[in-house]
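Inspection log for the structure reproduced underneath, given as structure tokens.
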Amino acid sequence: MRTDIDSLIERSGTIPAWLDLPDPKGFRPKRKFRTIWISDIHLGTRGCNAALLVDFLRSVECQTLYLVGDIVDGWRLRKGWYWPDAHNEVVRRILKMAHRGTRVVFIAGNHDEMLRDYAGLSFGGVELALEAVHETLDGRRLLVTHGDAFDGVVLYHKWLAFLGDKAYAMLLRANIVFNAARRRLKMPYWSLSAYMKKRVKNAVQYVCSYEEAVASEAINRGFDGVVCGHIHCAEIRQLGGITYYNDGDWVESCTALTESLTGEITIIDWAAETGGHGHASAQPAAPYAEHAVAPEKVSA
């Protein structure tokens, strides 16, 4: 279904001039993918690594781009407005991709749940949805969902989720200061918050329970796999006969899930490839592939 905004653009024949501006010439050819999944950008927060995400989006082309929830952080914006130019550039880059032929599907998450009422509509070529079904090149059907519906804290104790959000925001602020110091020392980006989360016993148990709940839903609905976000932990692993994919985030890890033109699904760690400064080196770091050994979980 098209919106009044899209219809107005068609009737007037006017579109923002920046949509047709050529991209800056890069030193490397763009990587081409069949599909890209990204989530948990959290635009509107200081923890968002918008510059790295823009650098990534400028470096790739794809047939379909899935935005798997928590793209805009409505929870944080309700408490105070924070929207620097770098966050505008993320939006512009996504709209440019849609304008140039990429199918862009925006699946609303819990932090941008205000958009769920508009599921089924299209804004500027971006389709809004509650979930999606993706068919891989080899014919497998993947459920694409943000994943908060399988988070017991969000589902049954929303007050606790908001409390956890405050604690998490404090950790992310510490992460910003920590990495500012690393930049002055010419050291690459490294996520203090991700490091701490992986070493807290309850957090590890929470991640495992979440993954099992998401996988169980995919199995019950007859899917071959599931793609989600929400917990900021990029992962590819087999669970109960299906493949669980998590595309990570752009607050802590700066990762994306990609399907190549030949059908291989991998995780790209953009912070690792670029040293946290953008502009990937000629020899990128090896991504996590679905046929590779998944990163080992921290012992309880």
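The values are calculated or read from the model by the stated rules, or taken from the named source; none is laboratory data. Bear in mind that the values here come from a model prediction, so they are computed numbers and not experimental data. Positions of Cβ are backbone-derived with ideal geometry, glycine not excepted, and every protein chain shown enters the neighbour counts.
Report yes if A215 is more than 17 Å from the chain's Cα centre (by Cα), at pLDDT below 95, under 20 Å from G147 (Cα atoms) and not β-branched (V, I, T), otherwise no. Judged against the criteria, A215 is a match. Name, by its number, the condition in (1) assigned to a strand (DSSP E or B); (2) exposed (fewer than 13 other Cβ atoms within 10 Å of the Cβ); (3) not β-branched (V, I, T) that does not hold for G120. That leaves (1) as the condition not met.
V105 meets all of the listed conditions (1) surrounded by fewer than 17 Cβ atoms within 10 Å (Cβ to Cβ); (2) assigned to a strand (DSSP E or B); (3) of a type in the set (A, V, I, L, M, F, W, C) but one, namely (1). Screening region 213-263 for residues that are in a strand (DSSP E or B) and acidic (D, E) and picking the one that is nearest to Y66 (Cα to Cα) gives E259. Restrict the check to region 64-75 and report whether at least one residue is more than 17 Å from G229 (Cβ to Cβ) and surrounded by fewer than 21 Cβ atoms within 10 Å (Cβ to Cβ). No, that holds for no residue.
Residues checked against (1) free of Cβ contacts under 8 Å to residues at least 60 places away in the same chain; (2) of a type in the set (F, W, Y); (3) in contact with a helix residue (DSSP H, G or I) (Cβ under 7 Å, 6 or more places away or on another chain):
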site	(1), (2), (3)
G80	yes, no, no
D85	yes, no, no
V90	yes, no, yes
L95	no, no, yes
V104	yes, no, yes
A108	yes, no, yes
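The residue pairs whose first member lies in region 126-145 and is at negative phi and at pLDDT 95 or above, whose second member is basic (K, R) and in a strand (DSSP E or B), and whose beta carbons are closer than 9 Å, counting only pairs six or more residues apart or on different chains, are E127/R103; V133/R141; H134/R141; E135/R141; T136/R34; L137/R34.
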